[in-house]
């Protein structure tokens, strides 16, 4: 047993040291690329002439103008095949509309085209402005967020009343970052990305040496191998270290390693996504919850009311983890206010859950507290799953979550201490 523990500790130490070395060596190159990738250009309705710059509806069967230099894809694909369209668009600039029915189809076309002549477009339609009651301030934050958090290459500003003011504000805010249309995609940093897979392999081996067999998946799919490798490694980052600060730092190292390992052209420009997002969100909290229920299986009825609450909360947690989640207008205003204060909005999940990560002493209910608190760590990991986000922005957002969450913990701890003492 002592030999096993010694081996486990040595493997974890190898994860810790190797990840620090690789992050220190390669992070600066990624930061430089992210800074260059912040360049963007404006697109206005009157620039789309249907000849040189074409807005192409995939629901139509019309052919693409031969003389077109730029083709922006939109709409639900009808009879088009990605291979055929990729062939027709070879050598042309292709625009990919965010949050549009054409998104997945357009990304397939770009992958098949393979010439890296593409750009992402963020726009807000007039019907969306009316439906969500977006004012000038809300629109400014929408477009600003697209550049800061997703490094979008093109901001398409529609013909709205506040158009000139909006363009002026964005130009002033992003001074020196505006270039001619269309802005090119970010390039990939030049370092051996495969080396960033070494630290999580050490972490998996420290958890259980048999887990490195997940490498077999790489024979069939590199993307799924990376997703499984890093998602399962979150268990090791939490279970192996005993001190809570070390757990947190291990998660941070693992998260940055993930972002660096997927810093290729297609991931860094959101043509491809990290596939293990949902798995990474539920794996650790679910493991802690099920482990705690098993250890308390003789008294499981005592936890039934709490579990009935956990099911809808857990469902809401997973559903709200993507870009398609719904938010109330009041919450949107509050988010915009937080962005105005902090530039990047800290994640609510972390602010709420970090205090439970630090708190202790819940006796037989402690595994519920621990499961809820672990959501803060997987939220931190999830931040870096969005490879398109500049890594400095992800680091800053994570630091905000840690600092604010820890401050809430200190306040909550003092309140609980005073309440329990008086009682």
For this session: Scan the stretch 80-87 and give yes if some residue there is in contact with a strand residue (DSSP E or B) (Cβ under 6 Å, 6 or more places away or on another chain), free of Cβ contacts under 8 Å to residues at least 60 places away in the same chain, surrounded by 12 or more Cβ atoms within 10 Å (Cβ to Cβ) and not assigned by TED's automatic domain parsing to the domain that holds residue 270, otherwise no.
Result: no
Exercise. When residue 76 is evaluated against the numbered criteria (1) outside any helix (DSSP H, G or I); (2) free of Cβ contacts under 8 Å to residues at least 40 places away in the same chain; (3) touching a helix residue (DSSP H, G or I) at 6+ places or on another chain (Cβ under 7 Å); (4) surrounded by fewer than 20 Cβ atoms within 10 Å (Cβ to Cβ), which criterion, by number, is the only one it fails?
Worked result: (3)
Exercise. In the stretch 18-52, what count of residues is obtained for those that are loosely packed, with under 13 Cβ neighbours inside 10 Å, over 28 Å from residue 151 (Cβ atoms) and either assigned by TED's automatic domain parsing to the domain that holds residue 257 or touching a strand residue (DSSP E or B) at 6+ places or on another chain (Cβ under 6 Å) (or both)?
Worked result: 0
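This table checks each residue for (1) assigned by TED's automatic domain parsing to the domain that holds residue 275; (2) closer than 23 Å to residue 283 by Cβ; (3) touching a strand residue (DSSP E or B) at 6+ places or on another chain (Cβ under 9 Å); (4) not in a helix (DSSP H, G or I).
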{"residue": "357", "(1), (2), (3), (4)": "yes, yes, no, no"}
{"residue": "361", "(1), (2), (3), (4)": "yes, no, no, yes"}
{"residue": "392", "(1), (2), (3), (4)": "yes, no, no, no"}
{"residue": "398", "(1), (2), (3), (4)": "yes, yes, no, no"}
{"residue": "413", "(1), (2), (3), (4)": "yes, no, no, no"}
Exercise. Here are 206, 218, 227: which of them is free of Cβ contacts under 8 Å to residues at least 12 places away in the same chain, closer than 24 Å to residue 253 by Cα, assigned to a helix (DSSP H, G or I) and in contact with a helix residue (DSSP H, G or I) (Cβ under 9 Å, 6 or more places away or on another chain)?
Worked result: 218
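This table checks each residue for (1) surrounded by 13 or more Cβ atoms within 10 Å (Cβ to Cβ); (2) touching a helix residue (DSSP H, G or I) at 6+ places or on another chain (Cβ under 6 Å); (3) not in a loop (DSSP other than H, G, I, E, B).
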residue	(1), (2), (3)
106	yes, no, yes
110	yes, no, yes
115	yes, no, no
127	no, no, yes
137	yes, no, yes
140	yes, yes, yes
155	yes, yes, yes
159	no, yes, no
176	no, no, no
Exercise. Got at least one residue in the stretch 238-255 being closer than 30 Å to residue 113 by Cα, part of a helix (DSSP H, G or I) and assigned by TED's automatic domain parsing to the domain that holds residue 393?
Worked result: no
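The values are calculated or read from the model by the stated rules, or taken from the named source; none is laboratory data. Everything quoted here is computed from the prediction, not taken from an experiment. Glycine also receives a Cβ, built like all others from the backbone with ideal geometry; neighbour counts cover every protein chain displayed.
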